[in-house]
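Worksheet: the structure to be examined is printed underneath.
Coordinate-derived values only; no laboratory data. As the structure is a computational prediction, the values presented were derived from the model and not from experiment. Cβ atoms come from the backbone with ideal geometry, glycine included; neighbour counts cover every protein chain shown.
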Amino acid sequence: MTAEAEYPAVAVSVTVNGIKHDALVEPRTLLVYFLRENLGLTGTHVGCDTSQCGACTVHLNGRAVKSCTVLAVQANGAHVRTIEGLANGDNFHPVQEGFREKHGLQCGYCTPGMIMTAVHLLENNPNPSEEEIKHALEGNLCRCTGYVNIIESVEWAAEKMRKG
Amino acid sequence: MFPASFDYVAAHSVEEALQLMAKHGEEGKLLAGGHSLLPAMKLRLAAPRVLIDLATVPGLSDIRVDGKNLVIGALTVHADIAGSELVRKHLPGLADAASVIGDVQVRNRGTIGGSVAHADPAADLPVILTALDASFVVQSANGRHTFAADDFFTDFYTTAMNANEILTEIYLPMPPSGTGTAYAKLPHPASGYVVVSAGALITKQASGTCAAARVAIGGLGSGPIRAIATEMEMQGKPLTPQTIAAAAAKAAEETDPMEDSYASADYKRHVATVYARKAIEAALERARN
């Protein structure tokens, strides 16, 4: 793609999961493709590619965003956290554990986005109601199995995180 | 999906952004949060040759009080407006609207300035900002000037701004005590965009009569439409359920909404009367507190 670029590449410096990456990117490169193709972080998924489904959700400076609707150049100087940045060694993040414990996934395609949005919710609201969880997950679509187990997964994680 | 190729330039001041706009002319396009522009570019509905990034300009994303106005920087994201103590205290109707745009992720990126400059006829903020009598501050090489909300949204995806102007701030008069503001929306079940929505500002005198009312409706035209007949119906009258019902019933007067696959014109006009009532009732409830 870069070889066909009509416009000069732009230098970006993006810190992803605590590691600083300097790269030259074509201006039209979307953040999700920068993560997946430049950095090999394929845990972030491309679903609809139209900012509807939320499979591409990552944290940009601590906030959940849809990385298919952010240019890599817009993340210049920013901190990005992806699904790969949640676990601590072999220890899953409580939200990852919750999705395992409560069977919050079937095919798994939406799961990284669901988890990143849920982590953003719980970091801002440690004790959400069911309604608040539903409102927070409005921008994440699951096409397999529905949302009941996903909501239970987030509730499980919230309780675990509150207990520390 | 990728946008067509473009050149990217980060602006570091409003002045620099103005110079870049002058340099690139019609080939340039301002980028704020990108949540209207980038989807359009990915669908190749827009293909600017140069994106001039405003997000790298400091100082455009503050919410502050200036005299009798609440001032919101054009780069302020919807989530920050929805969560702002100042907004919730003085103009909760604006927080209502900001909190129902898109979804969490969209609200974390989309900006108030981007939304109003894009002027989507199915957007939330133009409606509530019209009800709140906002002023839009723009800068150009010639200096600053302001547009009143009533004059700003001129057509589908079109505002009164000139191509050499940048929207920098939105001024919102802080209403007198006894005022309530609210926003009520029927979202499209798939897209979340407005089918019909209503914003209301109601000032109630101690006696219970209506001292001031501004009501704007979204979804019935090319942009927000002031429901003048609704406002007139309430003006100076006791704000009883009967008055409100009679006023709301006039919310779609003299409108000619476009039919689409989801809603007929008659349905939209009817829903406008229902949502106007909801917004007025919610505003009045807040005026009591």
> How large is log10 I(q)/I(0) at q = 0.15, 0.17, 0.19 Å⁻¹ when the Debye formula is applied to the Cα atoms of the stretch B:179-288, each weighted equally and without solvent?
Replying inline: -0.56, -0.69, -0.84
>> Contact order normalised by length for the stretch B:163-255, with contacts defined as Cα pairs under 8 Å and 6 or more residues apart; what percent is it?
In response: 19 percent
> If you take the charge dipole of the protein assembly as shown about its Cα centre, with +1 on Lys and Arg Cβ and -1 on Asp and Glu Cβ, which of B:Pro189, B:Val57, A:Val73 is farthest toward its positive end?
Replying inline: B:Pro189
> Helix B:14-24 versus the longest principal axis of chain B: what is the Cα-based angle in degrees, 0 to 90, to the nearest 10?
Replying inline: 60 degrees
> Regarding chain B, what are the three Cα extents along the principal axes, ordered largest first, in Å?
Replying inline: 58, 46, 32
> Over what distance in Å are the Cα centres of the stretch A:83-120 and the stretch B:142-207 separated?
Replying inline: 39 Å
> Looking at the stretch B:1-90, which trypsin sites (Lys or Arg not before Pro) are DSSP coil and have at most 16 other C-beta atoms within 10 Å of their C-beta?
Replying inline: B:Arg44, B:Arg49, B:Lys68
> the stretch B:49-77 to the stretch A:26-42: how many Å between their Cα centroids?
Replying inline: 28 Å
> How big is the shadow of the Cα convex hull of the stretch A:2-82, averaged over all directions, in nm²?
Replying inline: 5.0 nm²
> Which of the peptides B:9-19, B:126-136 is most tightly packed, and how do the rest follow, going by the mean number of other Cβ atoms within 10 Å of each residue?
Replying inline: B:126-136, B:9-19
> If you look at just the Cα atoms of the stretch B:142-207, how large are its Rg and its Dmax in Å?
Replying inline: 16.4, 49
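Divide by every residue of chain B the summed helix terms, -39500 (n - 2.57) for each DSSP H run of at least 4, and state the resulting mean residue ellipticity at 222 nm, rounded to the nearest 500 deg cm²/dmol.
Counting only the DSSP helices, I get -9000 deg cm²/dmol.
Compute the projected area of the convex hull of the Cα atoms of the protein assembly as shown, averaged over all viewing directions, and report it in nm² to one decimal place.
Here the figure is 22.7 nm², rounded to one decimal.
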>> Roughly how far apart, in whole Å, are the Cα centres of the stretch B:247-289 and the stretch B:25-43?
In response: 32 Å
> Taking one equal scatterer on every alpha-carbon of the stretch B:7-52, how large is log10 of I(q)/I(0) by Debye at q = 0.14, 0.18, 0.30 1/Å?
Replying inline: -0.31, -0.51, -1.12
>> Can you divide the C-alpha Rg of the stretch A:83-135 by 2.2 N^0.38 Å and report the result to two decimal places?
In response: 1.12
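Express the relative contact order of the stretch A:1-100 as a whole percentage, based on alpha carbon pairs under 8 Å and six or more residues apart in sequence.
29 percent
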> Can you list, largest first and rounded to whole Å, the semi-axes you get for the stretch B:63-173 by taking the square root of 5 times each eigenvalue of its Cα gyration tensor?
Replying inline: 20, 16, 13
> Expressed as a rounded percentage, what relative contact order does chain B have, with Cα pairs under 8 Å and six or more residues apart?
Replying inline: 15 percent
> Counting DSSP beta bridges in the protein assembly as shown, what percent are antiparallel, to the nearest 5?
Replying inline: 85 percent
> Can you give the three extents of the C-alpha atoms in chain A along their principal axes, from longest to shortest, in whole Å?
Replying inline: 49, 31, 25
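Any of B:Lys42/B:Lys185; A:Lys134/B:Lys250; B:Lys29/B:Lys278; A:Lys66/B:Lys29; A:Lys163/B:Lys185 with alpha carbons more than 31 Å apart? Name them for me.
Details: B:Lys42/B:Lys185 28 Å; A:Lys134/B:Lys250 35 Å; B:Lys29/B:Lys278 38 Å; A:Lys66/B:Lys29 22 Å; A:Lys163/B:Lys185 38 Å.
A:Lys134/B:Lys250; B:Lys29/B:Lys278; A:Lys163/B:Lys185, as the Cα separations exceed 31 Å there.
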> Given N residues in the stretch A:94-163, what is Rg(Cα) / (2.2 N^0.38 Å)?
Replying inline: 0.95
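So, with +1 on the Cβ of K and R and -1 on the Cβ of D and E, and no other charges, what is the size of the charge dipole of the stretch A:94-163 about its Cα centre, to the nearest 20 debye?
On the way: 7 positive and 10 negative charges, 44 e Å.
That gives the stretch A:94-163 a dipole magnitude of about 220 debye.
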> Hey, got the average number of other protein chain Cβ atoms within 10 angstrom for residues in B:2-10?
Replying inline: 6
> In terms of Cα to Cα distance under 20 Å, which aspartates and glutamates are near enough to B:Lys23, apart from those fewer than 8 places away along the same chain?
Replying inline: A:Glu6, B:Asp7, B:Glu15, B:Asp53, B:Glu165
